[in-house]
Every structure is written in C-alpha cells, then in structure tokens.
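These notes concern the structure reproduced below.
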Amino acid sequence: MSGRPIDSISGLSQPFRVDPTTGRLATTSGAAKIDQDIAVLLATRIGERPLQRSFGTRLRSLVQQPLDDVLIDAIPEEISAALLQWEPRVLVTGAEVSVEHRDGAPVTRVHVRYRNIVDSSEQTAVVEP
C-alpha cells in the first residue's frame, strides 16, 4: 500500500469472481473500486434490489428511447442525481452520452467525469448500460 488515502478504499470486485491465486473472492481497491461501484449503480434498475428498492437509475430504460436533445440532457441529470444520492465519495463534474455502431447496432456509452473527494483526483468512468 502506498499510503495514499484513495488506496484505503477496497471491497469485493464486481462482477464477483474467484482469485485464481488465492481461491478467495477477488477484491479491488482505489480508484478502480470507485469506478466499479459507479458502474454497478448506473447499471442497476430502480427496484431491482429487493432490500434497497430505490437504489439504481432509470438509465437502462432511458437509453432505449429515441436519442434526441431532451434525452441527451436527461441522462446526465439522472446520473448526477443517482451519484449524489448513492455515491458520497464522488462529485460529478460532467457526463456525456455517445453512440457508436457495433456490428450494425447502436451502442450507447455514458462517460462520467468525477472528482474523487478522497484525494481530489479527477477520474472518468465509462459505462455501457
């Protein structure tokens, strides 16, 4: 451990997997753990978790709608509100939506820029809901 505050953040890796060297559940730490937690939050539908019904976002349903200016504005607002409520370690500094085509099908990507309040570093998380 380097002694940086960000390195004190750790938890189980998501998706869950077994570490082949130890045979235990794999863990992730630092900024990578925050990125994983953001990805889980943004990929979880509201109501999906039985014991935390309000956890998650409407992001998956929003990206299924026709992409127009209203939707492009709504997605960053949805992201910011969810992160404000559920992820106290970050402050959202921006969010953008991009659409690219893979094998003829549109794929929506969400880029979330945030300041990690643990050590004030700037990070970007990319999520494909």
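Just so you know, all these numbers are worked out from the coordinates, no wet-lab data involved. Source: prediction; values computed, not measured. Every residue, glycine as well, gets a Cβ built from its backbone with ideal geometry; the counts of neighbours run over all protein chains shown.
Summary of computed values
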item	result
Residue of Arg89, Arg115, Arg49 that the Gaussian network model of the chain assigns the largest fluctuation, springs spanning Cα pairs under 10 Å	Arg49
Fully extended contour minus Cα-Cα distance, from Glu96 to Leu71, at 0.36 nm per residue	7.9 nm
Residues with amide H under 5 Å from that of Val90, placed H, sequence gap 5 or more	Ile117
Cα→Cβ-extended label distance, 7 Å offset, between Arg45 and Ala32, nm	3.1
Top of Leu62, Leu12, Leu51 by mean-square fluctuation, Gaussian network on the chain, Cα under 10 Å	Leu51
Relative contact order of the chain, pairs being alpha-carbon contacts under 8 Å that are 6 or more residues apart, as %	18
Stretchable slack from Glu122 to Gln85, in nm (0.36 nm times residue separation minus alpha-carbon distance)	11.4 nm
In nm, spacing of pseudo-spin labels at Gln14 and Asp103 (7 Å Cα→C-beta vector)	2.6
Derived scalar couplings ³J(HN,Hα) [segment 78-87; Karplus, 6.51 cos²θ - 1.76 cosθ + 1.60; whole Hz; x for Gly, Pro]	4, 5, 4, 5, 5, 5, 4, 6, 10, 10
Residue-averaged [θ]222 nm for the chain, counting only DSSP H segments that reach four residues, each worth -39500 (n - 2.57)	-8500 deg cm²/dmol
Helix 31-43 axis, angle to the chain major axis (alpha carbon atoms, nearest 10°)	40
Signed unit charges on C-beta, dipole axis of the chain, positive-most listed residue Gln52, Leu67, Pro20	Pro20
Dipole magnitude of the chain about its Cα centre (Cβ charges: Lys, Arg +1; Asp, Glu -1), debye to nearest 20	540
